[in-house]
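For reference, the structure is listed below as structure tokens.
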2 protein chains.
Amino acid sequence: MNNVQNEFEETLKRIQSQNGVNGVIVVNNNGDHITSTFDNRSSVRHSEMMMKLADNAKRFVRNLDPSNELTVLQMGSKRREVVLSPGKDFIMMVLREQNHKSIMGIIGAKSL
Amino acid sequence: MNNVQNEFEETLKRIQSQNGVNGVIVVNNNGDHITSTFDNRSSVRHSEMMMKLADNAKRFVRNLDPSNELTVLQMGSKRREVVLSPGKDFIMMVLREQNHKSIMGIIGAKSL
């Protein structure tokens, strides 16, 4: 396994081991999920919505300032925090129970 | 001016007075901006994208858990933080320079 793959697996393990994290999906630029803790049908549905949301958010940020770039998208809800971390080749989604320390610091919005 | 209007104006003033905040837009459920610190043309464009983004995020959160509800949407970028706070009748957007304390605590994702 090459270096990038290694780092990728390490990052995933580190995130999944955080208490409160109950879902991770990684989608490539074609919208195909590379890895997912959800069943296939849910993964396909979530991946599609992830792509659309990340794309809208990127355009919104650029619309405000054409030289700027989205680094992280975080959705708070009554019970869960959803963080989308758009990378060069991937988008990572992490789903976590709301009453735990925010995962923002953990994924550090690092580009994959 | 009635109580709700009063509280609304107070919230806006409090947010705008925070250092680093350089833009606020409030959009009603029809997508019309009620108040904005941007020029009209930009306000119309941003309002449209805000509605779309908030709608996508609401559906994404419900898609993950039908009984759950989006309370706040935060976009981090290299230079700015954008926070969308969806309320019952309004969506508030606050734009802030990235190197200041997060505005999440200030708006507290209060519904308007």
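Quick grid of which residues meet (1) surrounded by 15 or more Cβ atoms within 10 Å (Cβ to Cβ); (2) without any contact (Cβ under 8 Å) to a residue 24 or more places away in the chain:
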{"residue": "B:Q5", "(1), (2)": "no, yes"}
{"residue": "B:I15", "(1), (2)": "yes, no"}
{"residue": "B:N19", "(1), (2)": "no, no"}
{"residue": "B:V27", "(1), (2)": "yes, no"}
{"residue": "B:I34", "(1), (2)": "yes, no"}
{"residue": "B:D39", "(1), (2)": "no, yes"}
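Taking only pairs six or more apart or across chains, which ones have beta-carbon atoms under 9 Å, a first residue in segment B:56-76 that is over 18 Å from A:K58 (Cα atoms), and a second residue that is surrounded by fewer than 20 Cβ atoms within 10 Å (Cβ to Cβ) and among the aromatic types (F, W, Y)? Note: no pairs meet the criteria. Selection of segment B:59-83 for residues being within 14 Å of the chain's Cα centre (by Cα), more than 9 Å from chain A (Cβ to nearest Cβ) and not acidic (D, E) yields only B:V83.
Here, each number is a calculation from the coordinates, and none is a lab measurement. Just so you know, these numbers come straight off a predicted model, no measurement behind them. When we count neighbours, we look across all protein chains shown, and the Cβ atoms used for this are built from the backbone with ideal geometry, even at glycine.
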